[in-house]
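Right, one structure below, let's go through it.
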Amino acid sequence: MFIPVLPNIWRWTTPDPEDDWVMVGHLLQQDHQITLVDPPVVSGLLDALKALGPVTAIVLTTHDHTRGARYLHERLGCPVYVPEQANRDHIRHAGLREVTWYSEDSPLPGNLKAHRCRVTLPMWQDPELPYLDEMMLVTQQHAVITGDIVMGNPGGGIYGCPEGFNDPADPAKVTAALKTFRAVLPIHSNTLLAGHGQDLVGNLRQSLSLRD
């Protein structure tokens, strides 16, 4: 079920039941405690998690990735961390009533560090209504975990949102997403752990350079 990505970091996948793409969850283990990021529910997940150790927290990168957070919270009793800019109505409609809102300055489980990725279009759109606003999470190994802003593609390259979701993708949105991602990406980070598509392990910056 869990596919190793880096030491103490795993991923698992499942098709989105409503759309034509794959959801990816990531598991971080530290001192026998587990943090889940954007976790989808798959058959056997609870048993697999219990075998690994206690799940101490669920962290969401965006309100669009509630996925299995409510189910896992109710079964495991672990807190759910949600970006402070997330849509409150969306979180409530997902059944999440008790959450911890976090900002870029908040201490997070798994020693994660949050960086806000707020993508706006350089045209008619109201700057108060970004088309994408999520948190990038940075691990102790300097890998970055993203929700929708970017993902690895099957050829080993990188997609900027909404590539991978829409065909053809809006080129202005793709350019804006990649520009924001580059601006926020920490200098030492060269691995992408994406909420959709492929992870890019050790070749993130090379993949980004090919989009210049």
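The values are calculated or read from the model by the stated rules, or taken from the named source; none is laboratory data. Computed from a prediction, not measured in an experiment: that's the story for all the values here. Virtual Cβ from ideal backbone geometry, glycine too; neighbours counted across all protein chains shown.
Residue pairs whose Cβ atoms lie under 7 Å apart, separated by 6 or more positions or on different chains, with the first residue in segment 166-195 and more than 17 Å from S207 (Cβ to Cβ) and the second among the hydroxyl-bearing types (S, T, Y) and assigned to a loop (DSSP other than H, G, I, E, B), are K173/Y131; A176/T120. Within segment 155-172, the residues that satisfy the criterion of being out of contact with any helix residue (DSSP H, G or I) (no Cβ under 8 Å at 6 or more places or on another chain), of a type in the set (G, A, S) and not in a helix (DSSP H, G or I) are G155, G164, A169. Got at least one residue in segment 93-113 being at pLDDT below 95, closer than 30 Å to R182 by Cβ, under 17 Å from the mean Cα position of the chain (by Cα) and aromatic (F, W, Y)? So far as segment 93-113 goes, no, none of its residues is at pLDDT below 95, closer than 30 Å to R182 by Cβ, under 17 Å from the mean Cα position of the chain (by Cα) and aromatic (F, W, Y).
Checking each residue in segment 114-132 for being in a strand (DSSP E or B) and surrounded by fewer than 20 Cβ atoms within 10 Å (Cβ to Cβ) picks out H115, R116, R118.
Within segment 198-212, being buried (at least 20 other Cβ atoms within 10 Å of the Cβ) and not in a helix (DSSP H, G or I) holds for Q198, D199, L200.
Given the structure, is V22 farther than 15 Å from E134 by Cβ, touching a residue at least 40 places away in the same chain (Cβ under 8 Å) and among the β-branched types (V, I, T)? Against the criterion (farther than 15 Å from E134 by Cβ, touching a residue at least 40 places away in the same chain (Cβ under 8 Å) and among the β-branched types (V, I, T)), V22 qualifies.
In segment 173-197, of all residues being surrounded by 15 or more Cβ atoms within 10 Å (Cβ to Cβ) and in a loop (DSSP other than H, G, I, E, B), the one that is modelled with the lowest pLDDT corresponds to G197. Report those helices (runs of 4 or more DSSP H) wholly inside segment 1-106 carrying at least 2 residues which are among the hydrophobic types (A, V, I, L, M, F, W, C) and surrounded by 17 or more Cβ atoms within 10 Å (Cβ to Cβ). Here the list reads 45-52, 69-76. Go through the residues of segment 135-154 one by one and say whether even a single one is outside any loop (DSSP other than H, G, I, E, B) and either surrounded by fewer than 22 Cβ atoms within 10 Å (Cβ to Cβ) or at positive phi (or both). Yes, there is a match, as at least one residue in segment 135-154 is outside any loop (DSSP other than H, G, I, E, B) and either surrounded by fewer than 22 Cβ atoms within 10 Å (Cβ to Cβ) or at positive phi (or both).
E74 fulfils the conditions (1) over 24 Å from M136 (Cβ atoms); (2) in contact with a helix residue (DSSP H, G or I) (Cβ under 9 Å, 6 or more places away or on another chain) except for a single criterion, (2).
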